[in-house]
Every structure is written in C-alpha cells, then in structure tokens.
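A short worksheet on the structure shown next.
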Amino acid sequence: MATASRPRPQPVLTDVTEATSQDYLKAVMRGFHGEYDGQSWDLDRRLFEPGRCFGFTAGDRWVASCGAFTRTMTTPGGSVPIGAVTIVTVAPTHRRQGLLSAMMRHQLADIHRRKEPVALLWASESAIYGRFGYGSAVPRLVVTGRTTDTAFLPGVDLGGGWVEEVSAEEYGAVVPDLHARLLPDRPGALDRSAVFWERDLTDRPESRKGAPPVRYALHFDVSGQLDGYARFKVTSPWTGDLPDAEVEIVEIDAADVTARAGLWRFLFDLDLVRRFRCHGLAVDEPLRYLLANPRILITTLTDSTYVRIVDLPKALAGRRYGADLDVVVQVSDPLLAHNDGTYRLQAAAGAQARVTRAGRRRPDLSLGIRELGSIYLGGTSLTALHRAGRVSERTPGAVAAMTMAFDWPQQPYCPDDF
C-alpha cells in the first residue's frame, strides 16, 4: 500500500535470474511503451539468456535493462563471435543518473570476458551509442514504389524455375539450411539458431496489432532445388472500388540473380497489389539493375547495425582484406584501456591481418574506436570519415591504402532484428 512519504530507493545493479525473468521482460516492454502479457513466455524463456541480462532495480522494481544474445556475425572473408546487444532501456523516472553508462561499461567488460571481439546493436535512437564506441557500420535501403511500373529489362533471365507459396511450417523446414549456405557471402549477417527461427516464424494473430499475417514463398531452380526464399505481407487491398494493395517484403534472399529475379517478379505480380515496400535492403541489392526503369524505386538510405570493437587485435584478425596493407594506426578508446594505443596492421590482399602493438612508432593515421567500428565490415569509407574530419592522416596515402584494404566486394547487410 502506498504511503504519503517514503525514502527514494537507490538503484542497484542486478542480474536477471529465471525467477525474475518475467518481471524483467515486463519492465523491458514498458521501456518500449508496450505491454508484456506473458503469452510468448515459453519462447522467451528459451530465447533470452538470463546470464547475459541485467539492469538496475530500485526497491522491488526494475528501472533499467540491458542484455545480449550469443551470436556469430559474418565478416569480410570470415566470421567472429559477437555479443548482440538488445533490450536497453532506462525508465523515465531514472534518466540522467548514469545508469545507461554503468550498464554499457558493465556489458562491454562482460563481452570481453566472454572472448567476443565485437559487440553489435540496432540503435532505436541513433544519437545515443557513439559515446560508448559504437559506430554505424551497416547502411540499409528503405525502398517503395508502384508494382505496375516494375517491368524488367528484356535481357533479365528468369530461368526455368518457379515460386511456390508455402506454410510457415514448410518454410521453416527447408529455409534454415539455405540461409546457412548463403551466410558466408554477406558481411554483417548473423547465424540463426533454432530458437531464432522459431521466433521469426511465430506469427500469432493477437501479436500483430492489426497487421496482416506473414506469408512465405520459396523459389526452386529448373532441377527442383531450393535456391531462394521470401517472407511478405499484403495490406490495404482496396481504395474505393479499385484494387490498391501493398506488398511489404519482410525478407528476401537467393543463391543467384535468377532466383532473386523470380522472387521479385512473383511479389510484384501478386493479384490486386499496386504498391510495394521494403524496410531493409542491402545497398548493393540487384533489383535496381533488373528494372527497365530504375527511377521507379523510391529509396531512403538509413542506418541499421552499429559495431563496437571490444578486442581490437582479435576483431581485425577476424576478417580478410581487399588489398595489401601495412599501416601504423593510433586508436583512442576512452572506455576500454586494453584497446587504446598504436598498432601495426599488416595484411596481404584476400588474407587475414597480423595485428601487433607498435609501441612508440609514429602512426600513419589516428582515429577513434567508433570510427574503426564504422569501417570494420566495409560499409563505411575511411576516406569519407577523413573528409568529415573524424580521421587524422599523418602519412600521405595512408587513408587511401586503408580504405582500399577495408573495402570488400560484397556490401554488409544485417537482415536480423534482435
């Protein structure tokens, strides 16, 4: 029972246990202005890792939260284990008390202890995480347009394959293996364990909040082998007496351009559909080059995942490089002293780097850990950061050399929400 006066409870850093998990998730959902009703508890208790979830309690209430998933991320030519940071909230009643900073420091120390060289997150508010060393590393495209204008170029080959619309169960039985085969070709993408596939394919009517159900499509090549997949929704079927539905593409991927073109054609040619929308495509998505009139694509360039280098030598050794590189780099990291310093990066084109401490050698260039995270996957140009004044060059040509080395033929993309 509430009383007229009482002392204000002081926030205490607290680990989540199985016993406190549901109360914790209720606080997390409240932080995102939602409500946790417990209907997904059977899935959530297997999805979330109590040992990686923590926050601040004040009395008997959770007032801040922070967690991570144990995942693996594809890098240019390789992969690294990561801490996929999630459910970061601070209650409005406890803002500006240093709780977020304390959680970020605590989590980075834990990720380092787990020997994960990289942390990754989606930023609900992009201005927040730079001060903790996270750099915007993976751009994405939001794409809209009218399906009636999507004629392909005459030379586009749709092959002899076909598309089938299937149930969620059929989709879930075959797509994980294809996703795993395609994963090494896309820097920035994450592995998906069975519980993440279960989460992605769970589409309860009570959780849609008025949205239409998710539908599923598979593409098969001429020999009947699965080579592509898509998840999509169809909304707003009519404007007055005229068909005006919109197809929202949730995810699309394929082993080659023929399968990808076949899936796009299927989505554009759905009956009654006149508009399309996709909230996330890679910046090198081939669709633009399939269309007879690419101008019909209305595109917005925005950010997706942010990279934080936690163990610099291991992170830089966990990818390959697009050109020969031998450069001395001074890196500043105010939060993680073990990263702060000067390093020599040596790599042959197509190979991993040798990363060693350079002692007192004069650096060829200087940058912050945030900037290093931004260029890590090849989605942000070091030259662009240099032009913006965020990188200092001391040896002429060092920025250009490092830009070419960190570039990669396949642009990064992360279709995984977490």
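The values are calculated or read from the model by the stated rules, or taken from the named source; none is laboratory data. The structure displayed is predicted, hence computed values, not measured ones. Every residue, glycine as well, gets a Cβ built from its backbone with ideal geometry; the counts of neighbours run over all protein chains shown. Accessible surface is based on the protein model in full, side chains and every heavy atom, while ligands, DNA and RNA are left aside. Shrake-Rupley method; radii C 1.70, N 1.55, O 1.52, S 1.80 Å.
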Among the residues of the range 137-162, the number that are open to solvent by less than 40 Å² (accessible area, probe 1.4 Å) and either at pLDDT below 95 or not in a loop (DSSP other than H, G, I, E, B) (or both) is 8
Of Leu385, Leu372, Leu377, the only residue that is without any contact (Cβ under 8 Å) to a residue 40 or more places away in the chain, within 16 Å of Val307 (Cβ to Cβ) and buried (at least 18 other Cβ atoms within 10 Å of the Cβ) is Leu385
*Take Arg71 and decide whether it is closer than 19 Å to Arg199 by Cβ, modelled with pLDDT of 95 or more and among the charged types (D, E, K, R).*
yes
Within the range 94-135, the residues that are β-branched (Val, Ile, Thr) and touching a residue at least 40 places away in the same chain (Cβ under 8 Å) are Ile111, Val118
Scanning the range 388-418 for residues that are within 23 Å of Tyr306 (Cβ to Cβ) and part of a helix (DSSP H, G or I) gives Val399, Met402, Thr403, Ala405, Phe406
Screening Ala64, Ala19, Ala4, Ala68 for residues that are free of Cβ contacts under 8 Å to residues at least 60 places away in the same chain, surrounded by fewer than 16 Cβ atoms within 10 Å (Cβ to Cβ), of a type in the set (A, V, I, L, M, F, W, C) and not in a helix (DSSP H, G or I) leaves only Ala4
**Request:** Would you confirm whether any residue within the range 112-128 is part of a helix (DSSP H, G or I) and modelled with pLDDT of 95 or more?
**Result:** yes
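Table: residues versus (1) open to solvent by 70 Å² or more (accessible area, probe 1.4 Å); (2) in a helix (DSSP H, G or I); (3) closer than 25 Å to Leu287 by Cβ.
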position	(1), (2), (3)
Gly172	no, yes, no
Ala180	no, yes, yes
Phe196	no, yes, no
Arg199	no, yes, no
Thr202	no, no, no
